[in-house]
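*Asks:* Please read through the structure below; I'll follow up with questions.
Quick note: the coordinates plus some simple rules give every number you see, no bench work behind them. Just so you know, these numbers come straight off a predicted model, no measurement behind them. Please note: Cβ atoms are built from the backbone with ideal geometry, for glycine as well, and neighbour counts cover all protein chains shown.
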């Protein structure tokens, strides 16, 4: 596990809106702290987080689902081609000490579950509301953030 890496996970599209703004701000704030940003390497939240990190001189790792490095967003410094399709979601969260989930669809929900399953810290910002069914104790619950700054503060502290 990279001691100074945090994953930013979220929707691949669209490329505008609150989730995109939050992702870009999280990327910027993490880079200012010297934290490597890991994403799924494509568009939407992934590209915004990468763009934010690069704007502050940060290091960005893109973990792609396929085998073509040319599909990575242009802000990635390191591109990892997994050839594993959606299975790459595990590689994304396993490559960081914590994850910040922003917006998202089913892929993001799978990353949320995988992050908790393997014991990574998890911060939720404008994404899925995750709760345990009655009678089941999941252990430590994901932490909720109210802003990009809040999400980064929490994630860096994990």
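*Asks:* Give me the base-10 log of I(q)/I(0) for the stretch 34-73 at each q in 0.20, 0.26 Å⁻¹, Debye formula, one uniform scatterer per Cα, rounded to two decimals.
*Replies:* -0.52, -0.81
*Asks:* Over the chain, calculate the relative contact order: mean separation of alpha carbon pairs under 8 Å at least 6 apart, over the residue count, as a percent. Walk me through the numbers on the way to the answer.
*Replies:* Numbers: 387 pairs, mean separation 38.1, N = 158.
Taking the mean separation of contacting Cα pairs over the length of the chain, I get 24 percent.
*Asks:* Return an integer: the convex hull volume of the alpha-carbon atoms of the chain, in Å³ per residue.
*Replies:* 95 Å³
*Asks:* A further question on this structure: Using only Cα atoms, tell me the angle between helix 45-55 and the longest principal axis of the chain; keep it within 0 to 90° and round to the nearest 10.
*Replies:* For helix 45-55, the angle is close to 60 degrees.
*Asks:* Which order do the peptides 108-117, 142-151 come out in when sorted by mean C-beta neighbours inside 10 angstrom, highest first?
*Replies:* Peptide ranking by packing, descending: 108-117, 142-151.
*Asks:* Calculate how steeply helix 18-32 sits against the longest principal axis of the alpha-carbon atoms of the chain, using the helix alpha-carbon long axis, and give the answer as 0 to 90 degrees to the nearest 10.
*Replies:* With rounding to tens, the tilt is 70 degrees.
*Asks:* With the crude spin-label approximation of a point 7 Å out along Cα→Cβ, what separation in nm comes out for residue 150 versus residue 77?
*Replies:* Between residue 150 and residue 77, the label points sit 3.0 nm apart.
*Asks:* Additional query: Want the number for residue 33 to residue 4: 0.36 nm per residue separation, take away the alpha-carbon distance, what's left?
*Replies:* 9.5 nm
*Asks:* Okay, next question. Suppose each label sits 7 Å from its Cα in the direction of the beta carbon; what would the residue 56-residue 130 distance come out to in nanometres?
*Replies:* 2.3 nm
*Asks:* Just to confirm the number: angle between the C-alpha axis of helix 148-157 and the first principal axis of the chain, 0 to 90 degrees, nearest 10?
*Replies:* 80 degrees
*Asks:* What 222 nm value per residue comes from the helices of the chain, counting each DSSP H run with n ≥ 4 as -39,500 (n - 2.57) and dividing by all residues, nearest 500 deg cm²/dmol?
*Replies:* The per-residue figure over the chain is -10500 deg cm²/dmol.
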